[in-house]
Every structure is written in C-alpha cells, then in structure tokens.
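No value in this document is a laboratory result; all are computed from the given coordinates. Since we're looking at a predicted model, the values are computed, not measured. Reconstructed Cβ throughout: ideal geometry from the backbone, glycine too, with neighbour counts over all protein chains shown.
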Amino acid sequence: MIKDFTNIEYLKTGNKRQRLAYIQLSELEIFDTLKTYTPILTGTIPIEIDIPKSDLDIICHCPNHQEFYTTLIKLYSDQNNFEIRTGFWNGLISVIAKFQLEKYMIEIFGQDQPTQKQYAYRHMIKEYEILNAKGSKFKEEILKLKKQGLKTEPAFAKLLGLIGDPYEELLKYKI
C-alpha cells in the first residue's frame, strides 16, 4: 500500500529526521501558506533514504509563474541564504527558491503541472515502490552509494542495472 505523501502528517511518526522535518515545516507553516499551489514534500527524506546533507524538496503547481515568484519572495526572502531563480526543467518553465532553516535547506520548486505529475513526485513514488519490493539490503546499498556521492536516481539505476538516462529509465522500471 502506498503511503499518502500528499500530507506531511506521516512525518510525525517517522524516524528522527522526519520528525524534525515535520517540526520545522510546521513552525514555518509552509504547507498552509502554499496550499493553493498543492505542495508536496518529495525527495529522499519522505522515503527514508536521506543522508545528512539531504534537503527538503517541496514541489508546487504554479499556473502563474510571476505570481508564484512574487509570493515566494514575499513569504521567504527574509530566510537565511534565500535565493530564487526561474529556468527550464523537463521542458517547462520552473521557479526554484532555496533557503536555510535551522537544520535543513528548503527547496521550493514550482511548475505549471499538477504536483502528482511532476518528475520529483513520480520518481519518489517509484523509488518507494522499489524499496518496498527489494527490502532492507537494497535500501542499505542505495544509502551506501549516496554516501559515496551518487545522486538518488543514478544509485537506483546502478543497482537495478538500468542503461541510459537514469531519470527516464527509473520511471519505466517494472517491479
């Protein structure tokens, strides 16, 4: 059964880093203030394959990029190490803001695409399914590769023997 990653409540009963993430995100009220953008926490922390330098990735659906950009500046420009930029990712205009909370770097990513269709969410769900199917040894190997400096998707691709672009091939992988 897939965990409901659309609501961060699951973090409250997770591991130590997940519980800390929940506290920090709740104190900032980030999911409340961005709720019109359907935010979802993605990445490695929700699926427990994070390493100490892992950040909190929050994806958002933003049909109006200028409005989203302005909203992020208004809400978070006073945070430590705040930076914001616009660019193209996967062929779509994207807004990315980063800033430092007490224990975590936060990255807010917005595209004009529903959050559950964005690559970050789709990758996380696929990785979660693979981790559940392959078990704890596989998870340990992923963490080992990540600690050696490999990014998440390339680590999965290496262990699964996927050839080609790891980001694309991972989504095609049949469990």
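Name the residue from 145, 108, 15 whose Cα lies farthest towards the positive end of the charge dipole of the chain, charges +1 on Cβ of Lys and Arg and -1 on Cβ of Asp and Glu.
145
Quick check: pseudo-label points 7 Å beyond the Cα along Cα→Cβ at residue 133 and residue 163, how many nm apart are they?
2.0 nm
Just flag the GluC sites (Glu not before Pro) in the range 1-79 sitting in loop per DSSP whose Cβ has no more than 13 other Cβ atoms within 10 Å.
Within the range 1-79, the qualifying GluC sites (Glu not before Pro) (loop, at most 13 other Cβ atoms within 10 Å) are 29.
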